[in-house]
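Structure first, then comments.
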Amino acid sequence: MFDLKLFLRVSLFLITGVSFLVFSGCKKDDPVQENEEELITTLSLVLTPDGGGTPAAFVFRDLDGDGGNTPIITADKLAANTTYTGEISLLNEAANPSEDIAAEVKAESLEHQFFFATTTGLNISFAYNDQDDNGNPLGLSIKLLTGDTSTGALRVTLRHEPDKDASGVANGDLTNAGGETDIEVDFTVEIE
């Protein structure tokens, strides 16, 4: 014979037990991932000649992120023996509306730094044109000086949480920086 009182007690016990497990699994002290990595679909480096002239644009676009479609990379030519002021912009164009990741990098400047490297033969030198809140280099703005005619690759790397006090890091040497790479792009550069 069916005992309704026993059924209700057992049901109440099971509901209470399941509720306890569900709510105890959602503690407020569970770690929360802060500053989750943002998707960077577009990196643009615009180099404007000091004293005037036509800006040169270097653009990396990968709207579907890693994997999938091949990124589109475009690069203008640079003039020989010219000083440029460079500005980097970063976007997540997969979001609607697109997100300005460069603004986030600037707001979290203590946790980010750009690095610039060239292949042998490319006649370019760099200097940082901006700083984080502690006076260390950031790299959203740079000075770039071209030398004589040459061709090679320019690698732009954004590092998250680099050791900015490590040897050479303040001078743009990635070797001892540590941290994680947020984006790294190689541009083919022709100086004429």
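Quick notes on this structure:
- Residue, farthest from Ala166 (Cα to Cα), within segment 111-142, restricted to residues that are touching a residue at least 40 places away in the same chain (Cβ under 8 Å) and aliphatic (A, V, I, L, M): Leu122
- Residue match in segment 115-131 (condition: in contact with a Pro (Cβ under 9 Å, 6 or more places away or on another chain) and more than 21 Å from Ala56 (Cα to Cα)): yes
- Only one of the numbered conditions (1) touching a residue at least 60 places away in the same chain (Cβ under 8 Å); (2) out of contact with any Ser or Thr (no Cβ under 6 Å at 6 or more places or on another chain) is violated by Lys106, and that is (1).
- Looking only at residues in segment 109-126 that are surrounded by fewer than 14 Cβ atoms within 10 Å (Cβ to Cβ) and modelled with pLDDT of 95 or more, the one that is farthest from Asp173 (Cα to Cα) is Leu110.
- Of the criteria (1) touching a helix residue (DSSP H, G or I) at 6+ places or on another chain (Cβ under 7 Å); (2) free of Cβ contacts under 8 Å to residues at least 60 places away in the same chain, which one His160 fails: (2)
- Any chance Ala166 is in contact with a strand residue (DSSP E or B) (Cβ under 9 Å, 6 or more places away or on another chain) and either modelled with pLDDT of 95 or more or not in a strand (DSSP E or B) (or both): no
- Only listed residue being assigned to a strand (DSSP E or B) and of a type outside the set (Asp, Glu), chosen from Gly152, Gly121, Gly178: Gly152
- Candidates are the residues of segment 53-95 that are over 25 Å from Leu145 (Cα atoms) and touching a helix residue (DSSP H, G or I) at 6+ places or on another chain (Cβ under 9 Å); the one that is surrounded by the fewest Cβ atoms within 10 Å (Cβ to Cβ) is Asn92.
- Residues in segment 154-192 that are among the small types (Gly, Ala, Ser) and surrounded by 16 or more Cβ atoms within 10 Å (Cβ to Cβ): Gly172, Ala177, Gly179.
- The lone criterion from (1) assigned to a loop (DSSP other than H, G, I, E, B); (2) surrounded by 14 or more Cβ atoms within 10 Å (Cβ to Cβ); (3) at pLDDT 95 or above left unmet by Glu104 is number (1).
The values are calculated or read from the model by the stated rules, or taken from the named source; none is laboratory data. Note that the coordinates shown come from a computational prediction; the quantities given were computed from them, not determined experimentally. Quick reminder, even Gly has a Cβ in these numbers, built from the backbone with ideal geometry, and neighbours come from all protein chains shown.
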